[in-house]
Each structure stands twice: as structure tokens, then as C-alpha cells.
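Participant: One structure coming up, written as C-alpha cells, with questions to follow.
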Amino acid sequence: MHNLALTLGLLALLIAAVLGAAFACRQTLVARDLAAAWRYLSWDDASLTELRTRLAPRSSITRLWKGGPSLRAVDDAIAMKREFARRIAGDRSDFHAAGELEVRLLALDVHGMHYALAPICTGRLDLEALHRSGRLRCISDPVRGHTAFAAVMTRETLRHFMLPENDPWFAPTFRWYSGLPTSVAFVLAHLVPADHPRAEH
């Protein structure tokens with residue numbers, strides 16, 4: 001009976017060791033594939049396609065032992081490049097699918113080679129007009145699922161995208177705008193998903 005219990009215990013330890021080694025092997029391969037996929041992002045599409053056609057599926061043990069590129073890493077890189085390209089394009093569906101957006105206005109004051117950030121304003125702009133102007137760009141992070149947009153403009157150009165004076169959001173945005181020094185080099189409108197934006201009174 002004692003021998004049976006000892007045998008079962010050793011067998012359980014052996015199974016646990018095998019499962020642990022398999023899990024560690026898988027984690028190592030996943031980390032290696034992810035790092036390789038990021039390296040492949042700098043490759044052009046033709047080179048990635050050519051590499052993919054030359055690769056043959058290999059076992060996990062072979063890849064772990066010999067290293068080298070894998071189909072999964074190449075496929076992940078191709079998918080990431082496509083997603084980055086789609087996000088960079090910042091098409092209309094991305095902007096309208098983002099829902100309600102909070103507008104954070106940042107202004108950089110420049111004196112020679114020295115830049116200073118003016119106080120940040122959380123306001124509202126005419127986002128449709130800003131989008132139609134072609135200035136709005138998608139800066140979302142497809143890896144982390146972070147949605148964001150940005151538009152760069154001069155201090156004077158910002159005035160064209162403000163809401164009408166009878167809008168409750170006009171006053172706080174205009175107060176911030178009026179307080180900007182003429183030495184402001186540019187204004188950045190950073191758009192992020194809003195929680196519960198409120199006008200500043």
C-alpha cells in the first residue's frame with residue numbers, strides 16, 4: 001500500500017513537472033513570437049509575404065530549440081500592419097464609432113528652442129467641422145484598444161472650430177483661447193472617449 005501511494009505521488013509530481021515544462025515552453029514561444037512580430041513591423045509587405053511563403057509549420061519543441069522565425073509571428077505582424085494602417089487612416093467610421101468625445105486643448109508656447117505647455121483646457125469644439133477640415137487624425141493604439149484622435153492647428157485657426165456663442169461650452173473654451181499668448185506655436189486638440197464631461201462655469 002505504501003509503495004502504491006509513493007508511486008502515485010511520484011507519478012503526480014512527474015505529470016505536474018511535464019505540465020509546468022509545457023506551460024513554460026508555450027509562454028516562451030508566445031513571448032518570442034510577440035517580440036518577433038514587433039520586429040517584423042518594419043518590413044515591407046512584399047518581404048513579409050515572401051518570408052511567409054518560405055516558412056513551413058514546425059513543432060513547438062523545434063522552434064524552442066532552434067529559434068528562428070515562425071508563421072505565427074509573421075501572421076501577427078501582417079495583421080498588426082493592417083490594423084495600424086487602418087487606424088492611421090482615421091476613416092469616418094472610426095471617428096463616429098468612438099461615441100462621445102472629450103476635447104482637451106493643449107497649447108505650446110515657444111521661445112527659440114524652448115517650449116512651454118500652457119494650461120490645459122477641457123472644452124468643446126465643432127467636431128464635425130474639424131473632421132471635415134481634414135485636420136483630425138486617428139491616433140488610437142490598436143494593441144491596447146485605446147481610442148484617441150488629434151488635430152494640430154495654429155492659435156488663430158482654432159477660432160474657426162469653436163461652437164456658436166450661444167452654446168454653453170463657448171464661454172469656457174473662448175476664455176482659455178483668449179488667454180493664450182501670441183507666441184503660441186500651435187494648439188493640439190486631443191480627443192478621448194468622455195466619461196461625463198461637464199462645462200466649466
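Taken together, the values in this text are just the output of simple stated rules run on the coordinates, not laboratory data. It should be emphasised that the depicted structure is a prediction, and the values quoted were computed from it without experimental measurement. With ideal geometry, Cβ positions are generated from the backbone for all residues, glycine too; neighbour counts draw on all protein chains shown.
Participant: So how do 168-178, 40-50 stack up, highest first, on mean other-Cβ count within 10 Å?
Facilitator: 168-178, 40-50
Participant: Once you charge only the Cβ atoms, +1 for Lys and Arg and -1 for Asp and Glu, what is the size of the charge dipole of region 118-180 about its Cα centre, to the nearest 20 debye?
Facilitator: 180 debye
Participant: Need one number: nm distance between label points at H160 and A17, each 7 Å from Cα along Cα→Cβ, rounded to one decimal.
Facilitator: So the label points at H160 and A17 sit 7.3 nm apart.
Participant: What does the convex hull of the alpha-carbon atoms of region 101-150 project to on average, in nm²?
Facilitator: Answer in nm², one decimal: 5.0.
Participant: As an exercise, use a Förster radius of 30 Å and the Cβ-Cβ distance of R39 and V152 to find the FRET efficiency, rounded to the nearest 0.05.
Facilitator: Computed FRET efficiency for R39 and V152: 0.50.
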